[in-house]
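The values are calculated or read from the model by the stated rules, or taken from the named source; none is laboratory data. Predicted, not measured: the structure shown is a model, and the values here were computed from it. Here the Cβ positions follow ideal geometry from the backbone for every residue, glycine too, while neighbour counts run over all protein chains shown. The area values use the complete protein model at the heavy-atom level, side chains included, leaving out ligands, DNA and RNA. Shrake-Rupley method; radii C 1.70, N 1.55, O 1.52, S 1.80 Å.
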Amino acid sequence: MTKVSIVIPVYNEEACIVETHKRLVASCGNDPSAVELIYVNDGSRDRTQKILRDIAQTNPCVKVISFSRNFGHQTAVSAGISYATGAAVVVIDGDLQDPPEIIEKLVAKWREGFDVVYAVRESRKENIVLRFMYSLFYRIMARLSYVAIPLDSGDFALMDRKVVDVLKKMPEHNRFVRGLRSWIGFKQIGVAYARDARVLGESKYSIMKLFKLAYDGIISFSFVPLKMVSVAGFVISSVAFLSIFIVLFFRIFTEYSIPGFASTATIVLFLGGVQLLSLGMIGEYVSRIFDEVKGRPLFVVDELINF
Ligand code: UDP
Ligand code: MG
């Protein structure tokens, strides 16, 4: 019998976790030789760890990795994947927005011979602004990225052991797991599903965290922002160069000279703005390089249960 590992990152999910576990067991069973449920407690400050301990005590198929603090969703996912022992690994949110019943469909496709089966959100139930932002992000990402990342697919996916082994060897700290997964290749396929609304607890992704994720995605998988900086520089210098000629022409060959404190100030402000923006863009890349170079461990484990 081949074992499937299921990785569930959880952060302050005391409201959901019992229900999540019930539905996971209902759809995947709890035979430790067939399934392994790895909960990654990402430094929760509520009763999540206590509830997980209780669940793990009575369920031999449950394993718990507990971080020393909050390291972020992508890191929690990576940690779970690196501890997984199954022939395939499924990543699923712990808040029931990804219905556990879909796992069966992912596994079926895997048995047909696919190495990565990702769930594609056909619909989602967040508010309209957020939905628009998500949709916009995936479309910008598709334009900019040098790997083809499928539209509207998140971390909810199944990966074969050979994909997992490559993923584990990728040491990057600013992890955009769905991008890395696409980068690896092999036979990939999508399965459509309807993403549920969050019923229990509330989203742990603040707007800032979402922006960080979007930035990580774009900067880890695209050089377009850097190229845009040089293109902008080139265009603006060309315009400036031309205007010098025009100004000189009027001054020398005609009796008019172009007056204008206002226009000078505008140009200076404009150039200052573009320069700051460009520096900021470069800073985004540099800060990530710095982060990688430091080579700190991805996460710190506080407690392991049932390993
Ligand atoms: N999560 C995590 N660490 C974090 C933020 C979120 O492990 O720093 C978990 C969270 O418990 C949930 C999953 O990641 O299981 C997705 O988070 P959430 O539902 O809050 O994000 P959303 O669905 O709103 O994008
Ligand atoms: Mg959610």
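Summary table below
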{"quantity": "Matching residues in the stretch 54-64 - criterion: being in contact (Cβ under 8 Å) with a residue 40 or more places away in the chain and either out of contact with any helix residue (DSSP H, G or I) (no Cβ under 6 Å at 6 or more places or on another chain) or within 14 Å of ligand 2 (Cβ to nearest atom) (or both)", "calculated": "ALA56, PRO60, LYS63"}
{"quantity": "Qualifying positions in the stretch 126-147 - open to solvent by 80 Å² or more (accessible area, probe 1.4 Å) and assigned to a loop (DSSP other than H, G, I, E, B)", "calculated": "ASN127, TYR146"}
{"quantity": "Long-range neighbours under 6 Å by Cβ, at least six apart or interchain, first residue surrounded by fewer than 22 Cβ atoms within 10 Å (Cβ to Cβ) within the stretch 86-100, second among the aliphatic types (A, V, I, L, M)", "calculated": "GLY86/VAL4; PRO100/LEU24"}
{"quantity": "Only listed residue being under 20 Å from MET159 (Cα atoms), within 15 Å of ligand 2 (Cβ to nearest atom) and at pLDDT 95 or above, chosen from ALA84, ALA76, ALA88", "calculated": "ALA76"}
{"quantity": "Residue tally, condition surrounded by 15 or more Cβ atoms within 10 Å (Cβ to Cβ) and either modelled with pLDDT of 90 or more or within 21 Å of TYR193 (Cα to Cα) (or both), over the stretch 148-175", "calculated": "16"}
{"quantity": "Selection from the stretch 111-125 of residues that are more than 15 Å from ligand 1 (Cβ to nearest atom) and either crowded, with 22+ Cβ neighbours inside 10 Å or among the β-branched types (Val, Ile, Thr) (or both)", "calculated": "VAL116, VAL117, TYR118, VAL120"}
{"quantity": "Inter-residue pairs, beta-carbon under 9 Å, first open to solvent by less than 100 Å² (accessible area, probe 1.4 Å) and in the stretch 239-256, second hydroxyl-bearing (Ser, Thr, Tyr), 6+ apart", "calculated": "VAL247/SER257; PHE250/TYR256; PHE250/SER257"}
{"quantity": "Residue ID - nearest to ASN70 (Cα to Cα), chosen from residues in the stretch 35-50 that are open to solvent by 20 Å² or more (accessible area, probe 1.4 Å) and in contact (Cβ under 8 Å) with a residue 12 or more places away in the chain", "calculated": "SER44"}
{"quantity": "The lone exception for SER68 - which of (1) without any contact (Cβ under 8 Å) to a residue 40 or more places away in the chain; (2) in contact with a strand residue (DSSP E or B) (Cβ under 8 Å, 6 or more places away or on another chain); (3) open to solvent by 30 Å² or more (accessible area, probe 1.4 Å) it fails", "calculated": "(1)"}
{"quantity": "Qualifying position, being assigned to a helix (DSSP H, G or I), surrounded by 13 or more Cβ atoms within 10 Å (Cβ to Cβ) and small (Gly, Ala, Ser), among GLY217, GLY190, GLY201", "calculated": "GLY217"}
